């Protein structure tokens, strides 16, 4: 069985992406890791080059910044990276630059790929998510944060990145997947407020017009981490490759739990989810088989 990892990255230092840790977490699972580096304003390329592994294959890309709708450029770059994987790969493991695989799940991940490799009806593998928020001590449990997503797919040309590259589809249809016992740790909401504000401002250009962004600038001075309705304290362990980053960058974020209030509808939906594990109205870009 041959497994190809692939990812895209641009301006990793500017936006404080844990891309080095992200790639390191893939190396024990993959036979190669394709890293498609976009044109950057910082030392992103140097960060990737400094990772000491002959599994890593660096390629270069120029992002089409004229694409200003729906985050389409992210899917375009993801598809570019996928096309660079080794043709003999049985599975492709996609990871985003702010996601890390916890090594405690490596055995489960490898076992699942081995198990489902001969079952051609299985087109992808579905992971659970932990969305860290504010700093490394808290996990978001709001209904606005997705609970599962596809991160391992068959190496088929008609499986392509979907919309803003959160997931995948095959010939425009949802992938048939198996849910596996493994988690992705997502650190996209762990940044100092001023860095988060800059990232969101810049990334709005992938979705909106300059006029829309200018209007938003009038009302946004600094990213407000208090705008969340449900957090829980994280009691587990971060991936081993994240230990240094957590120690160095775990800023003093103190959530105000008293301000976290849900509207009545959201409170009822959240109560049902807590009691049953079922999320009413959950968006699922996949078909579990």
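None of the figures in this text is laboratory data; all of them are computed from the coordinates on show. No experiment lies behind these values; they were computed from the predicted model shown. Counting neighbours? That spans all protein chains shown, and the Cβs are built from the backbone with ideal geometry, glycine included.
The C-alpha radius of gyration of the range 54-156, expressed as a fraction of 2.2 N^0.38 Å, stands at 1.25. Over the Cα atoms of the range 1-52, what is the Rg over Rh ratio if Rh follows Kirkwood? That ratio equals 0.98.
Using only alpha carbons, the chain has a radius of gyration to Kirkwood radius ratio (Rg to Rh) of 0.95. DSSP beta bridges confined to the chain are antiparallel in about 45 percent of cases.
Taking each residue as 0.36 nm, the span from residue 179 to residue 79 lengthens on full extension beyond its C-alpha to C-alpha distance by 33.7 nm. Subtracting the Cα-Cα distance of residue 200 and residue 67 from 0.36 nm times their residue separation leaves 46.2 nm of extension gain. The residues 224, 164, when put in order of fewest to most other Cβ atoms within 10 Å, stand as 224, 164.
From least to most packed, judged by other beta carbons within 10 angstrom and beginning with the fewest, 116, 187, 253 follow the order 253, 116, 187. Reported value for the range 132-203: 131 Å³ per residue, from the convex hull of its C-alpha atoms. For the chain, the relative contact order comes to 21 percent (Cα pairs under 8 Å, sequence separation of at least 6). For a paramagnetic label modelled on residue 119 (point 7 Å from Cα along Cα→Cβ), amide N atoms under 17 Å away belong, within the range 148-177, to 150-155, 175-177. Calculated mean residue ellipticity at 222 nm for the chain: -7500 deg cm²/dmol, from DSSP H runs with n ≥ 4 weighted as -39500 (n - 2.57), summed, divided by the residue count and rounded to 500.
Taking a spot 7 Å from the Cα of residue 57 along the direction of its beta carbon, which residues of the range 5-19 have an amide N less than 20 Å from it? It comes to 5-10, nothing else.
Here the range 1-111 is described by how far its Cα atoms reach on the three principal axes: 42, 25, 23 Å, from widest to narrowest.
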